[in-house]
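Data first, discussion second: the structure below is written as structure tokens.
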Amino acid sequence: MATKSFLFMQEPGWFENRQGTRHCLPKDVQSWTYETGSLTQRLRDYYGSAVAVKVLQQQWSTPFLSERRLLKLPESRYSLIREVLLHADGKPLILARTIIPTRTLKAAKRSLSHLGNRPLGEVIFSYPKLNRLEMDVALTPPAIWTQAAIAEAGITGPVWGRRTVYAIRRRQMLVSEFFLPGALAVW
């Protein structure tokens, strides 16, 4: 079953965050990868109210294979997939892909399905029992991004990213964030 993505022509190659991984990453990438708070809030602390979300795609679709495995979803199960660009006055900062299974939407009382241009971080970091379960890291070459994503974000070289499994009321979701030069300059 094909997965439609605004961002990717093929799934990124992720590697598990293990002890010592941090030291293999550039310092500016470490700072963003291991940020424990909301990335949106961190960007707002620097750029202020200029930080905005551009929804690139939001649809019910089948996640990539590794995403389904991480969330323990059957192949035929659709999830809400949201791909966005965080920017400040048009300056690309972070590309993000979020996988929200139906059971997680129900646990979150559907607030996650009606985000519009609101940043996901504003919503999930307001949950008192938000848990971070695991994280992976990737260095994505330009060849796996779609031409639309390259144009939207100004991708000219490899882009570091992290993907994190969060749980809200014991229901999981997956958030993948890719750090563009505009964000990496703020550390």
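Is it true that Glu83 is under 30 Å from Ser49 (Cα atoms), at pLDDT 95 or above, of a type in the set (Asp, Glu) and surrounded by 18 or more Cβ atoms within 10 Å (Cβ to Cβ)? Against the criterion (under 30 Å from Ser49 (Cα atoms), at pLDDT 95 or above, of a type in the set (Asp, Glu) and surrounded by 18 or more Cβ atoms within 10 Å (Cβ to Cβ)), Glu83 qualifies. All of Ser126, Ser113 fail the test of being under 19 Å from Val51 (Cα atoms) and either without any contact (Cβ under 8 Å) to a residue 60 or more places away in the chain or part of a strand (DSSP E or B) (or both), apart from Ser126.
Checked against (1) open to solvent by 60 Å² or more (accessible area, probe 1.4 Å); (2) closer than 22 Å to Leu133 by Cβ; (3) without any contact (Cβ under 8 Å) to a residue 60 or more places away in the chain, Tyr34 passes all but a single condition, namely (1). Of everything listed in (1) open to solvent by less than 70 Å² (accessible area, probe 1.4 Å); (2) at pLDDT below 95, the single unmet condition for Asn131 is (1). In region 42-75, the residue that is surrounded by the most Cβ atoms within 10 Å (Cβ to Cβ) out of those that are of a type in the set (Ser, Thr, Tyr) and either under 20 Å from Phe6 (Cβ atoms) or in contact with a Lys or Arg (Cβ under 6 Å, 6 or more places away or on another chain) (or both) is Thr62. The one condition from (1) assigned to a helix (DSSP H, G or I); (2) basic (Lys, Arg); (3) touching a helix residue (DSSP H, G or I) at 6+ places or on another chain (Cβ under 9 Å) that Lys54 does not meet is (1).
The values are calculated or read from the model by the stated rules, or taken from the named source; none is laboratory data. Nothing here was measured: the structure is a model prediction, and the numbers come from that model. We place every Cβ from the backbone using ideal geometry, glycine too, and count neighbours over all the protein chains shown. All accessible areas refer to the heavy atoms of the entire protein, side chains included, with ligands and DNA or RNA removed. Shrake-Rupley method; radii C 1.70, N 1.55, O 1.52, S 1.80 Å.
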